Amino acid sequence: MYRILILVSCFALMCTSVATALEILYPGEKTYINRSEALVIKAGQGIDGLVLEIGGESSDLIDISGEQYRAIFKDMLILQPEFDPGKNRIKVRGYQQGEKVAETEVNFFLRTDQLAPPPDGYKRFVMHVPEKEAVCAGCHEMNPTEAAISHPSARLNPCTTCHRGMLRPEWSHGPAGAFECGSCHELQNDKGKFRERKIHADLCTECHQDIVDAYLKEEFVHGPVEAGLCNTCHDSHATPHKGQLVAEVNELCLGCHEHIDDDVHVGRGVTGRPHPLSGPKNPRRPGEKFSCVSCHNPHGGKGRGYFVGGVQGRFSLCQECHQK
Ligand code: HEC
Ligand code: HEC
Ligand code: HEC
Ligand code: HEC
Ligand code: HEC
Ligand code: HEC
Ligand code: HEC
Ligand code: HEC
């Protein structure tokens, strides 16, 4: 009699914990991610509303009980949030007819500085493994054909149904902007499912051989270019910066050349003011902003400073913008 009672109450407990299970599927606990693209939550059947707490601020109650909503998303909630760079904590509370029935949280790291090492204690989130994909497979095509992954329609390409956020920024890279994921990604390779075939110059040369050859032929080649590390500066997909740069030009350069001091770089003029290193206009190339690459070619050049215009010394550089 006693045994049965325990069994029954355990069973009841299990039932409620199954019914009101609440899980944050993406991002994962103690993982780091590279973009603020999605927040994917799975709510148990009993839950009809959710409240999110991001960065200490709570949302209103999000109603997920609507018939139309359920028909499309069932018990999933997929949002496009804006996480802060660095550490983030998200709490989710599940409600059933106005009463809180479940709560969960996730701690993760948004890594916006690709040049800095990943934070200690956080692992890269890995999505395309069978156990995680199984949850999505009911609604998303997780085993597409090779042809499908280069389908030119954002709606029909099986990769862009989830990844179109990463293609939204203004400057997109030719083949990625055309949804030809298959030109660089494979269905399966030794790195894993859907992973890129190669990275850096080994990949870039497949389509930009002439350009890479030209860079390497310069008398002085910029360190990271010589090492073939194209992806340290260029994203393969899309970014808000021209040339799909991973950061705004000066920020990118200063990431490795921290010692450049605005006050003394290039020297001071008769007015005593330091030379600008950024500004709204580049006199050499009207229509472009003034930045480090107004004077330095990012890939290499004829002199040690990789100056633009093929000039070698600093005095001929000045004349590129300042007539005598
Ligand atoms: C019950 C159905 C369902 C399940 C299960 C599901 N999704 Fe979705 N998901 C959708 C629908 C519907 C859309 C919207 C598709 C569209 O607009 O083309 C979507 C869109 C998305 C988006 C894109 C959001 C945007 O607009 O940028 C992401 C990311 C996403 N899902 C991730 C996932 C992940 C990861 C899983 C598995 C853990 C998953 N989904 C499981 C139905 C589902
Ligand atoms: C159900 C939604 C969904 C679909 C469909 C999907 N992905 Fe993903 N994918 C994700 C999420 C979420 C991540 C984790 C994103 C992150 O943190 O960068 C991810 C990560 C990746 C990664 C990084 C490695 C990994 O496993 O985490 C690659 C590469 C990738 N996706 C390529 C693709 C390609 C190519 C396709 C089309 C064949 C595709 N994905 C389809 C949701 C999806
Ligand atoms: C020009 C080659 C190229 C094309 C085209 C391309 N990718 Fe990638 N992709 C890469 C490389 C290289 C990486 C590895 C990035 C790295 O480590 O810097 C990558 C990584 C990814 C990742 C992991 C993201 C991350 O932050 O680590 C996802 C997701 C992804 N690609 C999705 C896609 C989708 C979806 C498409 C099609 C719309 C696509 N890619 C088209 C080259 C490409
Ligand atoms: C599958 C072929 C393919 C691969 C691989 C590829 N690209 Fe491209 N890339 C293109 C196409 C197509 C364009 C757009 C054509 C154009 O504007 O010249 C382009 C344009 C660019 C641009 C913009 C050019 C401009 O004038 O603004 C940059 C930068 C670039 N690619 C860098 C890279 C880097 C870095 C890699 C290696 C990580 C790479 N590409 C790999 C096909 C490719
Ligand atoms: C140190 C950072 C850095 C590295 C490494 C780098 N690039 Fe660039 N790249 C830039 C910047 C910055 C621009 C934009 C120049 C501008 O706006 O004038 C650029 C522009 C480009 C362009 C546009 C056309 C042009 O020449 O201006 C292409 C194509 C390109 N890079 C390809 C590559 C390839 C391929 C590699 C690897 C062999 C590579 N880059 C490595 C910073 C870099
Ligand atoms: C990933 C790190 C990295 C980034 C990003 C980077 N550089 Fe460099 N840079 C280097 C390395 C490494 C060297 C070689 C250092 C040496 O040999 O003294 C170098 C050398 C240089 C030199 C020549 C220094 C000398 O003493 O001759 C100049 C000029 C330069 N970089 C400018 C830039 C500009 C402009 C940018 C932004 C477009 C940039 N760098 C971005 C790593 C980087
Ligand atoms: C107005 C032109 C101009 C601009 C803008 C400019 N530089 Fe320079 N840079 C120079 C000159 C001139 C030298 C000195 C070269 C010499 O005398 O050999 C130099 C030298 C360098 C060197 C090698 C010497 C050193 O101090 O390490 C680096 C690295 C460098 N610049 C990076 C940058 C970065 C990063 C930016 C943007 C924040 C930038 N430069 C903006 C003109 C410029
Ligand atoms: C790529 C174009 C470019 C190059 C190359 C360049 N400058 Fe400049 N320079 C500028 C711009 C832009 C300004 C700001 C003009 C303004 O504010 O009206 C400026 C301003 C100046 C000033 C005035 C500073 C002040 O406000 O008092 C002096 C002096 C000067 N530059 C000297 C030099 C010298 C010396 C060199 C060569 C080492 C050089 N510049 C190379 C673009 C350039």
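Throughout, read-outs are computed from the coordinates displayed, never taken from laboratory work. All of these numbers come straight from a predicted model, not from anything done at the bench. Neighbour counts run over all protein chains shown; Cβ positions are idealised from the backbone, glycine included.
Bridgeable aspartates and glutamates around residue 242 (alpha carbons under 16 Å apart, same-chain partners fewer than 8 residues away excluded): 170, 251, 288. Which of rounded, prolate or oblate describes the range 36-101 when judged by the alpha-carbon gyration tensor and an a/c cut-off of 1.5? Oblate, since a/c reaches 1.5 and b/c is not below a/b.
Fully extending the segment from residue 140 to residue 38, taken as 0.36 nm per residue of separation minus the present Cα-Cα distance, adds 35.2 nm.
When the chain is treated as a GNM with alpha-carbon contacts under 10 Å, the residue of 184, 256, 204 showing the greatest mean-square fluctuation is 256.
May I ask for the longest run of the chain untouched by GluC sites (Glu not before Pro) that are loop-located per DSSP and have at most 14 neighbouring C-beta atoms (other than their own) within 10 Å? Free of exposed loop sites, the longest segment is 83-145. Helix content alone sets the calculated 222 nm mean residue ellipticity of the chain: runs of n ≥ 4 DSSP H residues at -39500 (n - 2.57) each, divided across all residues, give -7000 deg cm²/dmol.
A straight Cα-to-Cα reach below 22 Å connects residue 100 with the lysines 42, 74, 91, residues fewer than 8 places away in its own chain not being considered. Could you run the Debye sum over the Cα atoms of the range 126-197, one equal point scatterer each and no solvent, and tell me log10 of I(q)/I(0) at q = 0.20 Å⁻¹, two decimals? Result of the Debye calculation: -0.87. Once you order the gyration tensor axes a ≥ b ≥ c over the Cα atoms, which shape class does the range 73-146 get: rounded for a/c under 1.5, otherwise prolate or oblate by comparing a/b with b/c? Cα axes put the range 73-146 in the oblate bin. For the range 202-321, pairs of C-alpha atoms spaced more than 17 angstrom apart make up 62 percent of the total. Membrane-span-like helices of the chain, defined as complete DSSP H segments with a Cα extent of 18 Å or more along the helix axis and a mean Kyte hydropathy of at least -0.5, are identified as 2-19, 200-217.
Taking the chain as a Gaussian network, where each spring joins two C-alpha atoms under 10 Å apart, which residue of 139, 159, 253 fluctuates the most? Checking each option, the largest mean-square fluctuation is seen for 139. Restricted to Cα atoms, the chain shows a radius of gyration and a Dmax of 26.0, 103 angstrom.
Relative to the Cα centre, the charge distribution of the chain, modelled as +1 at Lys and Arg Cβ and -1 at Asp and Glu Cβ, gives a dipole magnitude of about 420 debye. Taking a Cβ cut-off of under 12 Å around residue 37, the surrounding Lys, Arg, Asp and Glu residues balance to a net charge of +2, with basic ones at +1 and acidic ones at -1. In plain terms, the residue of 69, 306 with the fewest other Cβ atoms within 10 Å comes first and the most crowded comes last, giving 69, 306. Taking label positions 7 Å along the Cα-Cβ direction at both residue 129 and residue 202, the computed distance is 2.3 nm, reported to one decimal.
The range 48-80 and the range 200-249 have Cα centres lying 42 Å from one another.
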